[in-house]
Amino acid sequence: MKRIMALDIGDKTIGMAVSDPLGITAQGVGTIRRTKLMKDLDVLDGYVKQYDVDRFVIGLPKNMNNTIGPQGNKVKQVAGFIRDRYELPIYFQDERLSTKAAEYMMSQSSMNPQKKKGIVDEVAAQIILQRYLDQQK
């Protein structure tokens with residue numbers, strides 16, 4: 001069965017999560033360390049194939065007053081390249097406070113601080129995807 005992939009696109013990393021085959025839960029699957037956009041997408045190719053992705057949910061950073069700022073515009077630009085490359089639907093999900101939520105969740109665990117830092121974007125992508133899945137019910 002096809003899966004939904006969420007991306008938390010930042011300047012340095014791209015956090016990734018996928019849905020279970022039934023589209024009920026989200027699981028983090030990794031983080032891409034950004035280099036150049038086309039190289040980043042080459043890495044993403046393997047995940048898209050591995051998880052048989054049929055659509056993307058991309059976290060859209062918004063200001064607290066619901067406007068889209070410079071970072072949101074960067075994310076939309078990258079999303080355009082993703083749409084062109086994979087020819088799959090893209091849905092934007094408001095990602096306000098998702099990274100803060102991820103950091104809080106991880107602060108409650110006994111995980112090594114260096115490991116926490118390495119997966120915060122993956123956890124944020126998981127939160128973004130779970131919000132999207134919950135809204136679809």
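Just one of the numbered conditions (1) under 11 Å from the mean Cα position of the chain (by Cα); (2) farther than 18 Å from I119 by Cβ is not true of A6: (2). If you go through segment 31-41 and keep only what is touching a residue at least 40 places away in the same chain (Cβ under 8 Å) and in a strand (DSSP E or B), you end up with just T31. Could you say whether any residue in segment 79-95 is in a helix (DSSP H, G or I), at pLDDT below 95 and surrounded by 14 or more Cβ atoms within 10 Å (Cβ to Cβ)? No, every residue in segment 79-95 fails to be in a helix (DSSP H, G or I), at pLDDT below 95 and surrounded by 14 or more Cβ atoms within 10 Å (Cβ to Cβ). For Y47, the stated conditions do not hold, so it cannot be described as touching a helix residue (DSSP H, G or I) at 6+ places or on another chain (Cβ under 9 Å), surrounded by 13 or more Cβ atoms within 10 Å (Cβ to Cβ) and modelled with pLDDT of 95 or more.
Being on the phi < 0 side of the Ramachandran plot, modelled with pLDDT of 95 or more and either within 14 Å of the chain's Cα centre (by Cα) or not β-branched (V, I, T) (or both), is that true of even one residue in segment 97-109? Within segment 97-109, none of the residues are on the phi < 0 side of the Ramachandran plot, modelled with pLDDT of 95 or more and either within 14 Å of the chain's Cα centre (by Cα) or not β-branched (V, I, T) (or both). Only one of K2, K62 is of a type in the set (K, R), touching an Asp or Glu at 6+ places or on another chain (Cβ under 7 Å) and either surrounded by 15 or more Cβ atoms within 10 Å (Cβ to Cβ) or free of Cβ contacts under 8 Å to residues at least 40 places away in the same chain (or both); which? Going through K2, K62 in turn, just one is of a type in the set (K, R), touching an Asp or Glu at 6+ places or on another chain (Cβ under 7 Å) and either surrounded by 15 or more Cβ atoms within 10 Å (Cβ to Cβ) or free of Cβ contacts under 8 Å to residues at least 40 places away in the same chain (or both): K62. Hey, does segment 8-30 have a residue that's assigned to a helix (DSSP H, G or I) and not small (G, A, S)? The answer is no, given that none of the residues of segment 8-30 is assigned to a helix (DSSP H, G or I) and not small (G, A, S).
Does K74 satisfy the condition of being part of a helix (DSSP H, G or I) and surrounded by fewer than 13 Cβ atoms within 10 Å (Cβ to Cβ)? So K74 does not fit the description; no.
The values are calculated or read from the model by the stated rules, or taken from the named source; none is laboratory data. Computed from a predicted structure; not experimentally measured. So basically every Cβ, Gly included, is an ideal-geometry build from the backbone, and we count neighbours across all protein chains shown.
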